[in-house]
1. Per residue Cα convex hull volume for the stretch 83-142, in cubic angstrom?
2. What is the dipole size for the chain, taken about its Cα centre, with +1 at each Lys and Arg Cβ and -1 at each Asp and Glu Cβ, in debye to the nearest 20?
3. At 18 angstrom or more along the helix axis (alpha-carbon based) and mean Kyte-Doolittle of -1.0 or higher, what helices does the chain contain? Whole DSSP H runs only.
4. Taking a 18 Å limit on the Cα-Cα distance, which of the listed pairs LYS57/LYS165; LYS15/LYS170; LYS10/LYS35; LYS57/LYS170; LYS10/LYS57 fall beyond it?
5. Hand me the GluC sites (Glu not before Pro) from the stretch 106-189 located in a DSSP loop with no more than 15 other Cβ atoms within 10 Å, in residue order please.
6. Grab the beta carbon distance between SER151 and GLN39, set R0 = 25 Å, and tell me the FRET efficiency rounded to 0.05.
7. Once all Cα-Cα distances of the chain are split into 5 Å bins that start at 0, what whole-number percent is in each one?
8. Towards the positive end of the charge dipole of the stretch 112-189, with charges on Cβ (+1 Lys, Arg; -1 Asp, Glu), say which of LEU117, ASN158, PHE148 has the farthest Cα.
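The values are calculated or read from the model by the stated rules, or taken from the named source; none is laboratory data. Model, not experiment: these values are computed from the prediction. Reconstructed Cβ throughout: ideal geometry from the backbone, glycine too, with neighbour counts over all protein chains shown. The area values use the complete protein model at the heavy-atom level, side chains included, leaving out ligands, DNA and RNA. Shrake-Rupley method; radii C 1.70, N 1.55, O 1.52, S 1.80 Å.
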Amino acid sequence: DRVNDFFAAKPLTFKLDAAKSLRAVVRGLVQMAEKRQSQNRGSTIVGTILQHLVGAKLSLILPVVPSMHGAAVADAVSDRDGDFILEDVVIHVTSAPGEAVIRKCGRNIDDGKRPILITTYKRVPVAEGLAESAGIGERIDIFDIEQFIASNLYELGNFGQIGRKDTARKLIEEYNRIVETYETDPSLR
């Protein structure tokens with residue numbers, strides 16, 4: 001039964017491989033999620049993982065933990081301004097950027113806020129094209145999750161090997177804490 005297979009899935013693996021770049025390590029995690037999602041049609045595994053990785057990263061760098069929520073509560077279809085709101089910055093996290101999230105970014109700009117959109121490496125050109133078409137291409141920052149996470153692993157780890165490993169461990173611990181708190185699927189750990 002597909003439902004039981006879904007919940008029996010093994011946790012994801014995040015392994016710092018010294019032979020790979022940090023971006024490649026994050027990309028590997030996203031690819032694992034994409035594979036699992038392709039086997040479970042209708043699931044939102046990739047978007048969930050992206051959102052909680054961003055939440056974990058923000059928890060590591062900010063003195064006050066940002067408001068969190070389950071990934072199924074997509075900001076594109078809710079009344080929220082975005083997934084994370086930090087003063088005048090609104091962060092949107094999506095594995096499938098579309099016109100709805102770009103419209104929401106436009107509303108953020110109209111409200112005097114600075115939108116950031118975080119997506120997968122493959123989807124950055126899509127998001128950029130949609131933003132350009134909407135006339136906000138130069139008013140929205142669009143990042144891929146790989147660079148967004150990898151740059152902080154370097155910075156928070158003070159660019160040292162031990163620091164990177166320690167920061168990656170803290171990131172995954174915080175990610176797992178978020179998943180345990182807000183998600184019902186333990187295989188997302």
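1. That works out to 66 Å³ per residue.
2. The calculation lands at about 720 debye.
3. The qualifying helices are 22-39, 45-61.
4. Going by Cα-Cα distance, LYS10/LYS57 fall outside the 18 Å limit.
5. GLU138
6. The calculated FRET efficiency here is 0.20.
7. The calculated distribution, bin by bin, is 1, 8, 16, 20, 20, 17, 11, 5, 2, 0.
8. With unit charges placed on the Cβ atoms, the residue in question is ASN158.
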